[in-house]
Amino acid sequence: MCFVSGVGFGKFLPETSTITRMSQIAVVLLFLLIASLLLLWNVIRADIVALMLMLALGLSGILSPQETFSGFGRSAVIIMLSAFILAEGLRRAGLAERIGRFIIRLFGTGEAYLIFGVMTASAVLSLFMNNIAAASLLFPSLSGVSRRSKVSPSKLLMPLAFGTILGGMATLLTTTNIIVGGLLRDAKLPGFTLIDFLPVGLPLAFIGILFMVFWGRKLLPSQSPAQRHEEGQETDDLLDTYQLSERLVRARVREGGYLDGVTLEKSGLRERFHLNVIAIQRGRSALPIDAGMVLKGGDILLIMARPEDSVPAALMEILEILPSGKWQQDYFATPDLKTYEAAIAPRSHLAGQTLKEIRFGQKFGAKVLAVWRHGHSIRTRLADLPLEFGDGLLLQGTEKSLNLLRTEPGLILLAESAPATRITLRGWFTALIMALTLTLAVISPDLIAEIMLSGAVLMVLTRTMSMDQAYRAVEWRSLFLVAGMLPVGIALNKTGASNLFADVLLSTLGGAGHMILLAGFVLLTVALTQVINGAAAVTVIAPIAIVVAQHVGMEPRSMAMAVAISSSMAFISPLGHSVNVMVMGAGGYTFKDYARVGVPLTFLLVLILLLILPFIMPIG
């Protein structure tokens, strides 16, 4: 089987092979179309889609076995893996958290000052670590900052996410930037060094932060669903925020009825009637909920139910429905019970499992009152609801419950962070390893993968973390996504699809000038990034952009940098970046909120990128 040479532009096969060449291009484009639709509709996880695409290209004969699995041996994948481990070492040393806290503390408590501090802290941290890791460090403490400053969490969480994305534009240690650097090397061109993105990325990050401080913050919702209520604030506000009041019913257990003397677990209230008992009042005391608790006649139950599941007639003989009264509000203000929020963490083992499966109540002694997901409150049938990454959980429990929840790595507790631990001698040595690794990577860019991996191995050898902890630090979904998508670039070049796309673009825009071509690729990348993963977008667009630049006499590295930075502009939709999903639940954001803030921010950053890039890196 003959293939089109991927070296150079315009080298065509003999005419007898034209049909073969076109059929191969059609197969590659069909596979890409199917993968794009799966990513767009979120039918299958992105990493699985990437592996399926990689296997399809191999099994169809488009790629050889070596080419099919070449993504796992690329320097880009090694750099990504090493960056995850190095960032975890920095976190364990306590330095990253201290830097973040210091910057936030430095800028005061006013809304505008706090947003500037939060975004600066997250941007600085994302220069050295994965965006999700940077956000995870600051995420828990923002609840306490919000409470002390009386600034709504919804005014801080989206800026936190956007700050990490903006900071990631200015460093090579961002997934899409690493990928594009690898694609340049595949094209026999110099890749990017650790600091090549700074001259372009830092001005964009600064302008993005200023936009959020002066304008973007006014477009954010004024209150999150998890809005903290200060002491003395009406408890009704909390119930209304999560829309709990409309689902609460008070009922008294009738003496001598079926429920009198039956344990809560065997009552059938949840399994048969979908009624969630969240509190029991016996006399003047509120009793802790336990599956083995024996109900007694006269007990007053606080029940949460959907309107269509409200107490059915079959239960009227054993339950007496009571007026809502004041007690249901008083329950939420019980001194020994605390109400707090948590979010499902990235890479959490809790994602995909139900509260019943993980025995949440028994394990932590806390009750999940509601789940906030994609802008909506879910308040009933929670036991059988599979949890998702980014879900916001409204919890209630004791101080002991709070301490137990702090030990759960799968949850990010939105409460006051524990006091920062003292940095040990090993912690300072860890910081030295990180600094030395980054310095050597700047001095010897051709050996960046080897240097980064050496730094990661040194973290393990010095017992900053165990090998198992290093494995857990790696975002394997992202790694497999990148390794699966990288062979797509080979397929596009090998079949001549890149050249075909380049021909079409040049026939359409070729006479319009270099700036129009640059703007076209930037806008195309930005648009794709909003609906599919940025890493997937650049593996398709960057090879074509490099070929076009070479043909028209543009600087390929400048075009590649524009595409790489554009793929980080995931502000319009939460689907564009995992860090947006991470804060969506706790911030109470909807897709409309991201669009309202993200559209003007993206337009501004695209304009600035097109203005400053030619002055920093000549485009032709």
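The values are calculated or read from the model by the stated rules, or taken from the named source; none is laboratory data. What you see is a predicted model, and the numbers here were worked out from it, not measured in a lab. Every residue, glycine as well, gets a Cβ built from its backbone with ideal geometry; the counts of neighbours run over all protein chains shown.
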- Of all residues in the range 175-230 being in a loop (DSSP other than H, G, I, E, B) and among the basic types (Lys, Arg), which is modelled with the highest pLDDT? Lys188
- Query: If you check every pair at least six apart or on different chains, which have Cβ atoms under 6 Å apart with a residue in the range 259-276 that is under 14 Å from Lys296 (Cα atoms) and in contact (Cβ under 8 Å) with a residue 40 or more places away in the chain first and a residue that is surrounded by fewer than 19 Cβ atoms within 10 Å (Cβ to Cβ) and hydroxyl-bearing (Ser, Thr, Tyr) second?
  - Reply: none
- Note on the structure: The lone condition Gly587 fails out of (1) over 17 Å from Gly390 (Cα atoms); (2) crowded, with 24+ Cβ neighbours inside 10 Å is (1)
- Criterion violated by Pro140 - all others in (1) buried (at least 24 other Cβ atoms within 10 Å of the Cβ); (2) touching a strand residue (DSSP E or B) at 6+ places or on another chain (Cβ under 9 Å); (3) of a type outside the set (Ser, Thr, Tyr); (4) farther than 22 Å from Gly208 by Cβ satisfied: (1)
- Message: Let me spell it out: the conditions are (1) within 29 Å of Ala93 (Cβ to Cβ); (2) exposed (fewer than 15 other Cβ atoms within 10 Å of the Cβ), and Pro386 meets all of them except one. Which number is the exception?
- Response: (1)
- Taking the range 573-593 and the residues there that are in contact with a Leu (Cβ under 7 Å, 6 or more places away or on another chain) and of a type in the set (A, V, I, L, M), the one that is farthest from Ser126 (Cα to Cα) would be Ala586
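Results for (1) modelled with pLDDT of 90 or more; (2) within 18 Å of the chain's Cα centre (by Cα); (3) farther than 24 Å from Tyr340 by Cβ, shown as yes or no for each residue.
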residue	(1), (2), (3)
Met119	yes, yes, yes
Leu137	no, yes, no
Ser141	no, yes, no
Ser149	no, no, no
Leu160	yes, yes, no
Ala170	yes, no, yes
- Task: For the range 563-590, enumerate the residues that are in contact with a Phe, Trp or Tyr (Cβ under 8 Å, 6 or more places away or on another chain) and outside any helix (DSSP H, G or I).
- Result: Phe571, Ile572, Ser573, Gly588
- Task: State whether the residues of the range 75-93 include one that is in contact (Cβ under 8 Å) with a residue 40 or more places away in the chain, more than 17 Å from Asn131 (Cα to Cα), in a loop (DSSP other than H, G, I, E, B) and of a type outside the set (Val, Ile, Thr).
- Result: no
- Query: Restricting the range 265-286 to residues that are surrounded by 13 or more Cβ atoms within 10 Å (Cβ to Cβ) and of a type in the set (Gly, Ala, Ser), which is modelled with the lowest pLDDT?
  - Reply: Ala286
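So, Met465, is that one among the aliphatic types (A, V, I, L, M), in contact (Cβ under 8 Å) with a residue 24 or more places away in the chain and in a loop (DSSP other than H, G, I, E, B) or not?
yes
I'd like to verify a number: residues in the range 475-490 that are more than 15 Å from Val538 (Cβ to Cβ) and assigned to a helix (DSSP H, G or I), how many?
Residues meeting the conditions: 4.
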- Query: Going by the structure shown, is Ser75 over 21 Å from Phe211 (Cβ atoms), among the hydroxyl-bearing types (Ser, Thr, Tyr), surrounded by fewer than 22 Cβ atoms within 10 Å (Cβ to Cβ) and within 21 Å of the chain's Cα centre (by Cα)?
  - Reply: no
- Query: Across the range 239-259, what is the total count of residues that are part of a strand (DSSP E or B) and modelled with pLDDT under 80?
  - Reply: 2
- For helices (runs of 4 or more DSSP H) lying entirely in the range 495-562, having 1 or more residues that are within 27 Å of Arg21 (Cβ to Cβ), aromatic (Phe, Trp, Tyr) and under 31 Å from the mean Cα position of the chain (by Cα) picks out 514-531
- Query: Taking Arg91, is it modelled with pLDDT of 85 or more, of a type in the set (Lys, Arg) and closer than 28 Å to Asp446 by Cα?
  - Reply: no
- Item | Positions within the range 492-537 being surrounded by 18 or more Cβ atoms within 10 Å (Cβ to Cβ), under 25 Å from Leu575 (Cβ atoms) and not aliphatic (A, V, I, L, M), in sequence order | Phe501, Phe521, Thr525, Thr529, Gln530, Asn533, Gly534
- Note on the structure: Checked the range 101-116 for anything crowded, with 23+ Cβ neighbours inside 10 Å and of a type outside the set (Val, Ile, Thr); matches are Leu114, Phe116
- Can you tell me which residue within the range 382-416, out of those that are touching a helix residue (DSSP H, G or I) at 6+ places or on another chain (Cβ under 8 Å) and of a type in the set (D, E, K, R), is nearest to Arg477 (Cα to Cα)? Asp391
- For the range 117-128, state whether one or more residues are crowded, with 18+ Cβ neighbours inside 10 Å, touching a residue at least 40 places away in the same chain (Cβ under 8 Å) and not in a helix (DSSP H, G or I). yes
